[in-house]
Every structure is written in C-alpha cells, then in structure tokens.
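**Q** I'd like to ask you about the structure that follows.
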Amino acid sequence: MESKQTIEAVLQGKIALVTGGTKGIGKAIVKRLEQAGATVIVTARNQPNEPDATYSFIAADLSRAEEVNKVANAIHEQFGRIDILINNMGANTFPGGGFNTLTDEHWNQALQVNLLSSVRLDKALLPKMLEQKSGVIIHISSTSGQFPIWESTMAYSVAKSALNTYSKALATEVASKGVRVVTVSPGLNKTEAMTTFLEDYAQQAHITVEEMTSKLFERVGGVPIGRMAEPEETAELVYFLVSPAASYITGANLIIDGGNFPVVK
Ligand SMILES: NC(=O)c1ccc[n+]([C@@H]2O[C@H](COP(=O)([O-])OP(=O)(O)OC[C@H]3O[C@@H](n4cnc5c(N)ncnc54)[C@H](OP(=O)(O)O)[C@@H]3O)[C@@H](O)[C@H]2O)c1
C-alpha cells in the first residue's frame, strides 16, 4: 500500500502562489497545497498575525495594476518562477439594489478586483511558465458568474462571468504549450466574506442571520446537500486540479455547489 508520505508529497518541489490566501477558501487552499509538499507564497492586503505560518507573504492590493507588478517582481527575484498560480482573490463588496444603485466606480472596482487582477497577474507570470513548458493556473470564479441575482450580485456576477470567458480563451491559447488553465466555480462557502455578506443583508432586512441564510438558500434555488461548503472541500478540488492526476483537464469550469444548479450544463 502507498504510504501517506508518498501520497502527500505530490507537489514536492513545486512553487505555488495563492492570492487572497489569508482567509476563507484561499487559506484552505494554502493549507492543502502545503500539505502536499508545495512551497507556497501568499498575497493579501494585510498580513495576519500568524507566527507559525510556513508560507512566504507579499502584501499587495491586487486591484491596483502597479501592485500586481510589485508581486511579480518580488516572485521573480526571490523564487525565479511559479509552477502553480491560484487566482483566488475576489470580492462582492458592492451595494445591492440593482442597476440604479451601482455607480461607475462600483463597476470599475468589481472588474478590477474580480477580473483584471487575474488578467494582470497571469500576464506577468505566464511567460516563465511558457518558457519552462509547464504550469497550472486556476481562476476561482463563482456560480454567480452563471447565475446573477440582480438584488445582490449584479456587478460581481458580470465580472465573474467575464473571468470565465477569459479563462477559457487563455486555456485554449496555452494548452499546447504545457500550461493548463482551469476555472473553479464554488457555490456557497462558509467563509468570512460570506458571514459579512449575511450579516449586512440581515441587518438591512431587519431579520436574523439564520433567516437570511434560509432566504439565500431559497434565492439560489436550494442546495440539495442542505448546507454550505466548508472551504476545505473547495480546496480539495483545487488541489486535485493542480496535481498531475488532472493532467488532461484544461479549459474546464468545474462547479462545486452541493448540487445547487438545477439544470444540466
Ligand atoms: N465564500 C463564498 O461563498 C464564495 C462563493 C463563490 C465564489 N467565491 C470566490 O472565492 C474567492 C475567495 O472568497 P472568500 O469567500 O474565501 O473570500 P474572503 O474570506 O473574503 O477572503 C478574501 C481574501 O482575499 C484578500 N483580498 C481581498 N481583497 C483584496 C485585494 N484587493 N488585493 C489583495 N487581496 C485581497 C483578503 O485579504 P485582505 O482583506 O487582507 O486583502 C483575503 O485573503 C473569491 O474569488 C470569491 O469571489 C466565494
């Protein structure tokens, strides 16, 4: 029987960058990749106080073009290359209420945070992957990219939808050059961002967070599994996709949503 050590060392020698790796899904991905032996670099705006952290940290606001270059330069100087790029960072911090509530600034910010941060980081790090003829890029999207809810996710959904299209185009462009590009679309995950989202909307609607959670489940059409995902469950899919076991998967958009989508896609 294969030993646990052999199974866990699948990513030994690989260098991975996880954007937004300090919380939620990103944090779970960092743990999973480290467990598999990868050297992990994390970016976020704020460095958490974690004295035992084993990852390297680069502080950056990736919604700003110049900060993306800062991250890419630091990586090239310190590590020379990236084998696995997880574009996880993203956010729906825009007001609900539909078209009339969203300003130009909200739209611009939604695209910077959820689309252009990935486009720019890929552009900066991909040439080295192409040079070494290997690499994997994951774009963490959302089921919102295929299922907009006008009351609460309009700008976010549009940005994630654009990310899905960009990811597919990039995957096709680089598939024959040794680099795989895959999109992962999570459904509802129990993260800090989700907690804040539920608390804010519950407060606005003068209901409890539990009532708001039920409303959200109803609004998305129900979650057959009956609960949100733990971020670790989403991270497990990401781990599989960056591992050699997924060597024939590129250009796909993997939905991980507890059965939420009611149609065959
Ligand atoms: N949670 C869900 O239910 C759900 C569902 C579908 C898709 N997703 C997607 O999954 C991804 C992760 O979501 P999450 O819920 O895990 O988020 P989260 O808990 O809010 O964590 C977001 C991470 O990104 C960082 N970040 C945020 N804005 C940033 C910026 N401008 N520049 C650099 N780093 C930034 C945060 O750190 P700092 O604040 O310190 O920068 C943090 O590390 C996102 O792309 C999200 O759209 C989430």
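Matching residues to (1) touching a residue at least 12 places away in the same chain (Cβ under 8 Å); (2) more than 30 Å from residue 243 (Cβ to Cβ); (3) within 12 Å of the ligand (Cβ to nearest atom):
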site: 51; (1), (2), (3): no, no, no
site: 58; (1), (2), (3): yes, no, yes
site: 72; (1), (2), (3): yes, no, no
site: 81; (1), (2), (3): yes, no, no
site: 86; (1), (2), (3): yes, no, yes
site: 90; (1), (2), (3): yes, no, yes
site: 100; (1), (2), (3): no, yes, no
site: 103; (1), (2), (3): no, yes, no
site: 117; (1), (2), (3): yes, no, yes
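**Q** Can you find a residue in the range 103-119 that is closer than 30 Å to residue 196 by Cβ and in contact with a His (Cβ under 9 Å, 6 or more places away or on another chain)?
**A** Step one: of the range 103-119, the residues closer than 30 Å to residue 196 by Cβ are 103-119.
Narrowing the set further to residues that are in contact with a His (Cβ under 9 Å, 6 or more places away or on another chain) leaves 118.
Yes, the range 103-119 contains a residue that is closer than 30 Å to residue 196 by Cβ and in contact with a His (Cβ under 9 Å, 6 or more places away or on another chain).
**Q** Same structure, new question: Residues 93, 54: which one is in contact with an Asp or Glu (Cβ under 7 Å, 6 or more places away or on another chain) and surrounded by fewer than 20 Cβ atoms within 10 Å (Cβ to Cβ)?
**A** Numbers: 93 fails: in contact with an Asp or Glu (Cβ under 7 Å, 6 or more places away or on another chain).
So the residue among 93, 54 that is in contact with an Asp or Glu (Cβ under 7 Å, 6 or more places away or on another chain) and surrounded by fewer than 20 Cβ atoms within 10 Å (Cβ to Cβ) is 54.
**Q** Any residue in the range 24-34 that is free of Cβ contacts under 8 Å to residues at least 60 places away in the same chain, within 15 Å of the ligand (Cβ to nearest atom) and in a helix (DSSP H, G or I)?
**A** Just the residues of the range 24-34 that are free of Cβ contacts under 8 Å to residues at least 60 places away in the same chain, to begin with: 30, 34.
With the extra rule that they be within 15 Å of the ligand (Cβ to nearest atom), the set shrinks to 30.
Those still in the list that are in a helix (DSSP H, G or I) too: 30.
Within the range 24-34, one or more residues are free of Cβ contacts under 8 Å to residues at least 60 places away in the same chain, within 15 Å of the ligand (Cβ to nearest atom) and in a helix (DSSP H, G or I).
**Q** Determine if the range 143-151 includes at least one residue that is within 27 Å of residue 78 (Cβ to Cβ) and within 16 Å of the ligand (Cβ to nearest atom).
**A** Taking the range 143-151 as the starting set, the residues that turn out to be within 27 Å of residue 78 (Cβ to Cβ) are none.
Taking every residue of the range 143-151 in turn, none turns out to be within 27 Å of residue 78 (Cβ to Cβ) and within 16 Å of the ligand (Cβ to nearest atom).
**Q** Could you tell me how many of the residues in the range 126-135 are buried (at least 21 other Cβ atoms within 10 Å of the Cβ) and in a helix (DSSP H, G or I)? If you could, list the steps in order and put the result at the bottom.
**A** Of all residues in the range 126-135, those buried (at least 21 other Cβ atoms within 10 Å of the Cβ) come to 129, 135.
Then drop every residue that is not in a helix (DSSP H, G or I), which leaves 129.
Of the residues in that region, 1 qualify.
**Q** Here's something else I'd like to know. Of (1) out of contact with any His (no Cβ under 9 Å at 6 or more places or on another chain); (2) surrounded by 13 or more Cβ atoms within 10 Å (Cβ to Cβ); (3) at pLDDT 95 or above, residue 169 satisfies all except one. Which?
**A** If we test residue 169 against (1) out of contact with any His (no Cβ under 9 Å at 6 or more places or on another chain); (2) surrounded by 13 or more Cβ atoms within 10 Å (Cβ to Cβ); (3) at pLDDT 95 or above, just (2) comes out false.
**Q** Output yes when any residue across the range 9-18 is within 8 Å of the ligand (Cβ to nearest atom) and either part of a helix (DSSP H, G or I) or among the small types (Gly, Ala, Ser) (or both), and no when none is.
**A** So far as the range 9-18 goes, no, none of its residues is within 8 Å of the ligand (Cβ to nearest atom) and either part of a helix (DSSP H, G or I) or among the small types (Gly, Ala, Ser) (or both).
**Q** How many residues does the range 234-265 contain that are part of a loop (DSSP other than H, G, I, E, B) and more than 21 Å from residue 179 (Cα to Cα)?
**A** Keep residues of the range 234-265 that are part of a loop (DSSP other than H, G, I, E, B), which gives 243, 247-252, 257-265.
Filter once more, keeping what is more than 21 Å from residue 179 (Cα to Cα): 257-265.
Of the residues in the range 234-265, 9 are part of a loop (DSSP other than H, G, I, E, B) and more than 21 Å from residue 179 (Cα to Cα).
**Q** Ok, one more. Residues being farther than 24 Å from residue 103 by Cα and either touching a Lys or Arg at 6+ places or on another chain (Cβ under 6 Å) or among the small types (Gly, Ala, Ser) (or both): count how many of those fall in the range 132-184.
**A** Looking only at that region, the number is 9.
**Q** Next question, about the same structure. What are the pairs with Cβ atoms under 6 angstrom where one residue, in the range 214-232, is assigned to a loop (DSSP other than H, G, I, E, B) and the other, located anywhere, is of a type in the set (A, V, I, L, M) and within 15 Å of the ligand (Cβ to nearest atom)? Sequence gap at least six, or different chains.
**A** What qualifies is 228/188.
**Q** Any residue in the range 185-208 that is more than 16 Å from the ligand (Cβ to nearest atom), farther than 19 Å from residue 88 by Cα and outside the structural domain of residue 222 (by TED's automatic domain parsing)?
**A** No, the range 185-208 contains no residue that is more than 16 Å from the ligand (Cβ to nearest atom), farther than 19 Å from residue 88 by Cα and outside the structural domain of residue 222 (by TED's automatic domain parsing).
The values are calculated or read from the model by the stated rules, or taken from the named source; none is laboratory data. Here the structure is a predicted model, which is why all the values come from computation and not from measurement. No Cβ is skipped: glycine too gets one built from the backbone with ideal geometry, and neighbour counts run over all protein chains shown.
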